[in-house]
Amino acid sequence: MPLIRTNADLAARQAATPILSVRDLTVDFKLEHGMMRAVDGVSFDVRRGEVLGIVGESGSGKSQILMAAMGLTAINGRCSGSVTFEGEEILNAAPDLLDKIRGSSMSMIFQDPMTSLNPYMRVVDQLTEVLVAHQGKSRQEAVDIAVEMLERVRIPGARRRISLYPHEFSGGMRQRVMIAMALLCRPALLFADEPTTALDVTVQAQILDLLNGLVHELNAAVVIVTHDLGVIARMCDRVIVLYGGRIMEEAAVDDLFEAPRHPYSQGLMAATPRLDDNTAHDLRTIPGSPRALVGQINGCPFAPRCERRIERCTAETPALLRGAGGRAAACHLVMP
Amino acid sequence: MAETLLSVRDLKVHFPIGKGLLTGAKGTVKAVDGVSFDLKPGETLGIVGESGCGKSTLGRAILRLTKPTAGTVVWLGQDFFGLDKATLRQARRELQIIFQDPLASLDPRMTVGAIIARPLRTFHPDLKKAELDARVKEAMAQVGLAPEMMRRYPHEFSGGQCQRIGIARAMILRPKLIICDEPVSALDVSIQAQIINLLRKLQAELGLSLLFISHNLSVVRHISHRVMVLYLGKIMELAERDAFYANPMHPYSKALISAIPLPDPKAERARERVMLQGDLPSPLDPPKGCRFCTRCPMVQDVCHSTEPPLAPRADGRLVACHFV
């Protein structure tokens with residue numbers, strides 16, 4: 001069932017203390033030919049029971065936000081700013097602290113289950129590791145909990161199949177194993193990086209439903225990163241539109257889809273072919289292609305492709321202005 | 001009525017599996033298992049289905065890039081599979097293909113100009129350099145690439161531009177049919193829209209026919225005149241575009257369409273979904289009777305024993321189901 005999002009619900013949630021606070025997060029990578037800024041001053045909050053979507057195209061930095069928060073930034077990357085989990089600073093934190101949080105209250109679902117499950121380990125060992133290590137369960141208790149979780153994600157014959165290796169599962173089943181693994185510690189905060197992009201649509205529909213039900217039940221905070229506006233519409237309460245490592249717009253999901261304000265959000269929506277659209281006209285396009293992130297630029301990252309660009313856009317980076325109803329936009333030409 | 005450009009009859013492509021030295025073949029994957037359709041000049045046929053449904057194999061078998069097991073392909077009245085090598089080569093000039101991964105389908109050591117000119121040089125080795133260059137520039141202009149980029153290499157281009165190079169290479173022999181195998185799946189949304197519009201424009205201006213293979217039903221809607229739904233190597237439904245999207249008839253078509261999340265949160269919440277259970281069965285061991293019977297919400301006893309024929313319905317579409 002879809003989540004029920006009444007205005008009262010949303011308002012109550014916004015009043016609660018955020019579980020995750022990201023402030024002015026910047027991620028730089030050292031490359032052969034200089035520095036590349038992948039994430040450039042991103043700030044947002046997520047509260048329990050809330051599903052936040054981050055949408056953007058390749059190179060927008062959307063995955064790097066999650067990697068930085070999880071302490072998984074590649075070795076040539078450097079993060080600055082602040083990420084707090086339940087009030088505790090976790091950006092660039094010591095491995096001990098990160099291990100403790102990642103195993104017990106924060107977990108992540110990756111896009112490609114084949115490359116994020118260990119091919120040499122039976123599923124049962126990968127699933128029970130966290131329970132034995134972090135919660136002091138006995139092996140047998142841990143196996144029982146793991147089997148129960150596999151049943152919850154509707155893997156038929158879970159007790160038998162838990163002893164298989166990842167390659168013995170189909171793509172959809174592997175993704176279920178990953179979801180089970182991420183939810184095993186009953187996390188308070190879940191990151192999902194393109195959780196269904198590698199799957200066929202009929203399987204995607206099953207997985208999204210499953211995810212929706214489970215996070216609702218756990219009352220977890222969820223951050224979903226995707227390029228698919230359909231997945232955002234289906235799953236999220238609030239949306240951040242990212243371009244060139246910066247937040248272009250932030251809004252409640254209904255507000256954004258009803259009236260996107262930033263020229264990039266507008267372009268992205270108009271360029272998406274819709275199943276229920278009339279097809280007589282060409283799709284609207286955004287000229288050019290997403291920028292290669294090399295070095296720092298002045299001005300709005302979207303300016304080179306923006307049809308409404310004025311001189312100020314290339315000279316001065318627009319700040320993310322917050323307005324009424326939780327809306328925010330970073331554009332010299334629109335008010336949030 | 002325009003003449004038929006391409007006529008495919010009962011096409012089958014079967015792959016033997018596990019052919020070990022001592023064990024022999026363990027079985028066959030029937031990737032395409034009896035597909036028939038006609039294509040008219042200037043028409044775009046969208047071929048949709050999930051992974052393993054045989055849509056790419058179908059495209060490759062029509063070009064004889066994959067050897068078909070049985071069936072016929074008639075191209076402009078000529079039996080394509082009966083042709084000898086030399087005649088096949090000549091006939092293939094008029095059928096081109098573009099691939100999913102734009103960068104992987106371009107030779108990294110060749111300049112863009114050389115890549116685009118290659119088919120022309122193969123078929124017209126006597127062409128003068130000036131003429132060759134002129135044709136390359138014309139093809140580049142057609143797909144929206146600046147002719148000055150001729151001397152650059154594929155890695156200097158973005159994904160969308162690489163796909164334009166692939167299209168220019170397919171266009172340069174002025175083909176009648178282009179098989180597009182997931183041409184926009186690897187591209188970002190904003191770039192995907194540019195390529196869809198380009199293909200639409202080329203088709204309208206030049207009267208090209210397209211076989212547009214894709215898993216994305218929203219994209220297919222924007223480019224196709226007719227839509228074919230494949231499931232485990234068989235046609236489930238073949239219908240006119242508008243009729244198909246307004247009222248998909250086969251239970252699998254219904255499920256496919258209803259599984260796609262709409263970019264509209266209010267519509268999403270109001271939607272009734274046909275939710276399929278389970279995964280695609282293994283193509284090594286497809287279900288008996290109707291291939292969709294293991295996941296079909298309307299399944300009856302007869303579906304497990306008898307395969308439904310692909311039969312015409314009142315509005316002319318073809319549907320393979322006992323109950324619609």
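The values are calculated or read from the model by the stated rules, or taken from the named source; none is laboratory data. Note that the structure is predicted; figures quoted are calculated from it, not measured. Virtual Cβ from ideal backbone geometry, glycine too; neighbours counted across all protein chains shown.
Among the residues that make up the stretch B:292-315, is at least one of them within 14 Å of chain A (Cβ to nearest Cβ), over 25 Å from A:VAL231 (Cα atoms) and buried (at least 17 other Cβ atoms within 10 Å of the Cβ)? Yes, because at least one residue in the stretch B:292-315 is within 14 Å of chain A (Cβ to nearest Cβ), over 25 Å from A:VAL231 (Cα atoms) and buried (at least 17 other Cβ atoms within 10 Å of the Cβ).
Exactly one residue among A:ILE179, A:ILE101, A:ILE145 is out of contact with any helix residue (DSSP H, G or I) (no Cβ under 9 Å at 6 or more places or on another chain) and in a helix (DSSP H, G or I), and that residue is A:ILE101.
Of everything listed in (1) in a loop (DSSP other than H, G, I, E, B); (2) modelled with pLDDT of 95 or more, the single unmet condition for B:VAL136 is (1). For A:GLY56, the conditions (1) crowded, with 19+ Cβ neighbours inside 10 Å; (2) out of contact with any helix residue (DSSP H, G or I) (no Cβ under 9 Å at 6 or more places or on another chain) are fulfilled apart from (2).
How many residues are among the aliphatic types (A, V, I, L, M), crowded, with 20+ Cβ neighbours inside 10 Å and not in a strand (DSSP E or B) when one looks only at the stretch B:230-248? Even if it seems obvious, please write down each step before you answer.
Step one: filter the stretch B:230-248 for residues among the aliphatic types (A, V, I, L, M), giving B:230, B:232, B:235-236, B:238-239, B:243, B:246.
Next, from what is left, pick out any that are crowded, with 20+ Cβ neighbours inside 10 Å: B:230, B:232, B:235-236, B:238-239.
Filter once more, so that each one left must be not in a strand (DSSP E or B): B:232.
Matching residues across the stretch B:230-248 total 1.
So, A:LEU189, is that one of a type in the set (A, V, I, L, M), closer than 24 Å to A:PRO18 by Cβ and modelled with pLDDT under 90 or not?
On the way: of a type in the set (A, V, I, L, M): yes; closer than 24 Å to A:PRO18 by Cβ: yes; modelled with pLDDT under 90: no.
In short, no.
Do we have any residue at all in the stretch B:81-98 that's within 24 Å of B:ARG9 (Cα to Cα), assigned to a loop (DSSP other than H, G, I, E, B) and touching a residue at least 12 places away in the same chain (Cβ under 8 Å)?
Residues of the stretch B:81-98 that are within 24 Å of B:ARG9 (Cα to Cα), as a first pass: B:81-98.
Adding the requirement that they be assigned to a loop (DSSP other than H, G, I, E, B) leaves B:83-84, B:93-94.
From the residues that got through so far, the ones that are touching a residue at least 12 places away in the same chain (Cβ under 8 Å) too are B:93-94.
Checked against the condition, which is being within 24 Å of B:ARG9 (Cα to Cα), assigned to a loop (DSSP other than H, G, I, E, B) and touching a residue at least 12 places away in the same chain (Cβ under 8 Å), the stretch B:81-98 yields at least one hit.
Scoring A:GLU148 on the criteria (1) of a type in the set (Asp, Glu); (2) over 19 Å from the mean Cα position of the chain (by Cα); (3) closer than 20 Å to A:ALA69 by Cα leaves a single failure, condition (3). Is there a residue in the stretch A:61-77 that is hydroxyl-bearing (Ser, Thr, Tyr), within 29 Å of A:ASP228 (Cα to Cα) and in contact with a Pro (Cβ under 9 Å, 6 or more places away or on another chain)? Checking the stretch A:61-77: not a single residue is hydroxyl-bearing (Ser, Thr, Tyr), within 29 Å of A:ASP228 (Cα to Cα) and in contact with a Pro (Cβ under 9 Å, 6 or more places away or on another chain).
Just so you know, in the stretch A:290-318 the residues that are surrounded by 21 or more Cβ atoms within 10 Å (Cβ to Cβ) and modelled with pLDDT under 90 include one that is farthest from the other protein chains (Cβ to nearest Cβ), and it is A:LEU293.
Sort out which residues of the stretch B:241-268 are small (Gly, Ala, Ser), within 25 Å of B:PRO312 (Cβ to Cβ) and facing another protein chain (nearest Cβ under 7 Å), and write them in order of number.
So the first thing to find is which residues in the stretch B:241-268 are small (Gly, Ala, Ser), and the list is B:243, B:246, B:253, B:255, B:258-259, B:267.
Within this subset, residues satisfying the condition of being within 25 Å of B:PRO312 (Cβ to Cβ) are B:243, B:246, B:253, B:255, B:258.
Answer for the stretch B:241-268, where residues must be small (Gly, Ala, Ser), within 25 Å of B:PRO312 (Cβ to Cβ) and facing another protein chain (nearest Cβ under 7 Å): just B:ALA255.
Give the residue, chosen from B:LEU103, B:LEU45, B:LEU11, that is of a type in the set (A, V, I, L, M), in a loop (DSSP other than H, G, I, E, B) and surrounded by 15 or more Cβ atoms within 10 Å (Cβ to Cβ). Reasoning before the result, please.
Working: B:LEU45 fails: in a loop (DSSP other than H, G, I, E, B); B:LEU11 fails: in a loop (DSSP other than H, G, I, E, B).
Only one candidate passes the filter, namely B:LEU103.
From the list B:ALA134, B:ALA146, B:ALA117, the lone residue that is more than 30 Å from B:GLY46 (Cβ to Cβ) and surrounded by 19 or more Cβ atoms within 10 Å (Cβ to Cβ) is B:ALA117.
Quick check, is A:ALA220 assigned by TED's automatic domain parsing to the domain that holds A:ALA38, touching a strand residue (DSSP E or B) at 6+ places or on another chain (Cβ under 7 Å), small (Gly, Ala, Ser) and at pLDDT below 95? It would help to see each step written out before you state the result.
Working: assigned by TED's automatic domain parsing to the domain that holds A:ALA38: yes; touching a strand residue (DSSP E or B) at 6+ places or on another chain (Cβ under 7 Å): yes; small (Gly, Ala, Ser): yes; at pLDDT below 95: yes.
It is true that A:ALA220 is assigned by TED's automatic domain parsing to the domain that holds A:ALA38, touching a strand residue (DSSP E or B) at 6+ places or on another chain (Cβ under 7 Å), small (Gly, Ala, Ser) and at pLDDT below 95.
Restricting the first member to the stretch B:144-164 and to residues that are more than 12 Å from chain A (Cβ to nearest Cβ), and the second to residues that are surrounded by fewer than 18 Cβ atoms within 10 Å (Cβ to Cβ) and of a type in the set (Ser, Thr, Tyr), the beta-carbon pairs closer than 7 Å and six or more apart or on different chains are B:MET150/B:THR111; B:ARG151/B:THR111; B:ARG152/B:THR111; B:TYR153/B:THR111.
The set of residues in the stretch B:269-286 being surrounded by fewer than 17 Cβ atoms within 10 Å (Cβ to Cβ) and either away from chain A (no Cβ under 13 Å) or closer than 19 Å to B:VAL319 by Cα (or both) consists of B:ASP285 alone.
All told, B:SER253 meets the bar of being touching a strand residue (DSSP E or B) at 6+ places or on another chain (Cβ under 7 Å) and surrounded by 15 or more Cβ atoms within 10 Å (Cβ to Cβ).
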